[in-house]
Amino acid sequence: MMSSIRFDATKQYYATSSLVLGYALCSSLLAVINKFAITKFNYPGLLTALQYLISALGVWVLGKLGFLHHDQFTFEIAKKFLPAAMVFYLAIFTNTNLLRHANVDTFIVFRSLTPLLVALADTTFRRQPCPSKLTFVSLLIILGGAVGYVATDSAFSLTAYSWAFAYLVTITTEMVYIKHMVTNLGLNTWGFVFYNNLLSLMIAPVFWFLTGEYVDVFATLGSNSGNWFEPIAFFAVSLSCVFGLAISFFGFAARKAISATAFTVTGVVNKFLTVAINVLIWDKHASPFGLLCLLFTLAGGVLYQQSVTGAGGAPAQRESTASKQTDSENDGDDFRDENQVKGLSGKLASV
């Protein structure tokens, strides 16, 4: 009897460890993989559309095979969900273009600024209590690190930072408002993933025409001079799509298997792993001082998470802000991590 219990406990331990390891691997690598994909396949609209297709199709196939359950598609729910999908698409779209024009470190710095903007938006527009002293200090640390990074960024460009600010606006809007728009729809987790990616896939052609990307796509198809079928480009895009779907699974499974605190700590560790991996594999990263400012910003993020989940703040504020921060770990660590509802495509990552 005791040996059976011990065996079950050991089995549960290894299952949980596998889920956490899978989530950490996907989350820490996804931003780097997406940067690699957009470098080798310079069509951001088409790249994200392929990711939406694989994620939506993957959920549908796994549902048919009985591995998961998702809500069925109905036009009534789709109409109510459309504003959320639109904001999600804009967050992914601006995220992809940010990675296209800037390095992964710049993406992480701006992604780390979201708690500051969410706190300001909550206090200004949603009449939430002002941040506690510890939370305020942590937000100042985040801001100081970000300002130091931008001031010393040798690769500064107006285009890259324009996309960065656009990304900040859309992801903050999603965190503050969109969550409340979709909570009353009664969708389960995988239903949310399915609707988010399917509707985003339907929206994608509109942006192909608005941005003029379709001209480049058709020109490349006509001349056959691009890298459409080069093995390295195919590998990069495929890897990005697979990791986008994988982070949805591992992100949600790990969230259920471990405590919220452990999940948040894992998310923080993933950011540091992303920085380390990005520095080790290629030269597309910040200067040493820029990396120091980035680590300073991440440290502020750690302090912020402690402040909103600790015993010091107001209960209502802690619950609201901690919930948003947990969502943001899934949202945006990477651009398929972007929502979880990143993995949602993945949350929300990575990224």
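The values are calculated or read from the model by the stated rules, or taken from the named source; none is laboratory data. Here the structure is a predicted model, which is why all the values come from computation and not from measurement. Positions of Cβ are generated from backbone atoms using ideal geometry, with glycine treated the same way; all protein chains shown enter the neighbour counts. Just the protein is used for accessible areas: all its heavy atoms, side chains included, with ligands, DNA and RNA removed. Shrake-Rupley method; radii C 1.70, N 1.55, O 1.52, S 1.80 Å.
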Step by step: first the residues of the range 127-161, then only those that are farther than 28 Å from ASN97 by Cβ and not in a helix (DSSP H, G or I), then the one that is most open to solvent (accessible area, probe 1.4 Å). Which residue is that?
ARG127
Any helices (runs of 4 or more DSSP H) falling wholly within the range 15-126 and containing at least 2 residues that are open to solvent by less than 20 Å² (accessible area, probe 1.4 Å), among the β-branched types (Val, Ile, Thr) and closer than 30 Å to THR152 by Cβ
75-101, 104-112, 114-125
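How many residues does the range 108-128 contain that are more than 19 Å from LEU294 (Cα to Cα) and touching a Gly at 6+ places or on another chain (Cβ under 8 Å)? Please lay out each step first, then the result.
Of the residues in the range 108-128, the ones more than 19 Å from LEU294 (Cα to Cα) are 118-128.
Add one more test, that the residue is touching a Gly at 6+ places or on another chain (Cβ under 8 Å), and what stays is none.
Total meeting the criteria: 0.
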